Amino acid sequence: MHSGDLHHSVNSITTATHDTTNVAVYEGDWVWLKKFEEGHFKEVKQSTSKIFTKMKDLRNENINPFLGFFTDCDMFAVVTEHCSRGSLQDLLRNDDVKLEWMFKSSLLLDLIKGMKYLHHREFPHGRLKSRNCVVDGRFVLKITDYGFNELLESQKSPKNLVPPEDQFWTAPEFLRDVENSRKGTYKGDVYSFAIILQEVVVRGLPYCMLGLTPAEIIRKVKKPPPMCRPTVAPDQAPLECIQLMKQCWSEQPDRRPAFDEIFDQVRNPHLSPWLSAASLIEG
């Protein structure tokens, strides 16, 4: 990679095949390729280069680092570090991994810290979901896919139809406003966090307890009343956790707490005993 290059281009990368894998080797290390659809990057616009620079400047333990971009023939991909444990979604689905509450708390705290950092850098995510949180060999959670929507907008990429099961994490205000669905907001990210919180707490897919199809769920979330949200039983998580979850997926964006507030709450053992032990380990 040429670190001084305007585009942060990665030009010495090896993949198995362009069509079958997102994992590659760069300078002896495994990396992850986030591929764009063919034709979106015939040329890199100046505005796109600025986004790359912004992404490159992010430095935080809970942000998966952007290494550069790779282009070859018809393929274009953002290159990030490869995390050996896969995504948070993969981890939750892996029955061989035992997830005690302390472990869950540690992962959630990593997520909160990463999002707090992103928002401090004036960087709304816009596509936060369990699949876009990756876990490294030390079980540290890192946020990835940040900046992706901005890159799509910058390159004037057409908006494709998103399947209902990929919209579970999308805040209702964006489900109703498809034209602006790529324009991430801080409050929209908080809503997405609430859905991830439900996934971690029940160790199941979003809305898995409702017995509805993805299309039915999205239709109900989009058009209240009544408000449609996942349900979490009192014995599945501490009361403070469930209360926070409900705050974060509030129908009104201005009622959702900022990640600064969420972080302060989970670091305070009096306000939030459910995460206090994990935060003491981190601190």
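Here are the numbers for the structure shown:
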| quantity | calculated |
| --- | --- |
| Approximate spin-label separation Asp72-Glu27, in nm, with each point projected 7 Å along Cα-to-Cβ | 1.8 |
| Estimated FRET transfer efficiency when R0 is 22 angstrom, pair Leu239-Thr185 (beta carbons, to 0.05) | 0.20 |
| Acute angle (nearest 10 degrees) that the helix 46-56 long axis makes with the longest principal axis of the chain, alpha-carbon atoms | 60 |
| Rounded FRET efficiency, nearest 0.05, which uses the C-beta distance separating Cys208 from Asp96 and R0 of 22 Å | 0.65 |
| Rounded FRET efficiency, nearest 0.05, which uses the C-beta distance separating Glu43 from Thr231 and R0 of 51 Å | 0.55 |
| Inter-probe distance in nm under a simple model that places probes 7 Å from Cα toward Cβ, at Asp57 and Glu251 | 4.0 |
| Potential extension, Asn268-Glu165 segment - 0.36 nm per residue separation minus Cα distance | 33.6 nm |
| Cα centre as origin, Lys/Arg/Asp/Glu Cβ charges: the stretch 147-187 dipole, Debye | 120 |
| Karplus (6.51, -1.76, 1.60) ³J(HN,Hα), θ = phi - 60°, over the stretch 214-219, in Hz, Gly and Pro reported as x | x, 5, 5, 4, 5, 4 |
| Per-residue [θ]222 nm for the chain (sum of -39500 (n - 2.57) over DSSP H runs n ≥ 4, rounded to 500) | -11000 deg cm²/dmol |
| About the Cα centre, charge dipole magnitude for the chain (Lys/Arg +1, Asp/Glu -1 at Cβ), debye | 700 |
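Every number in this text was worked out from the coordinates using simple rules, so none of it is lab data. The structure displayed is predicted, hence computed values, not measured ones. As a convention, Cβ positions derive from the backbone with ideal geometry for all residues, glycine included, and neighbour counts pool all protein chains shown.
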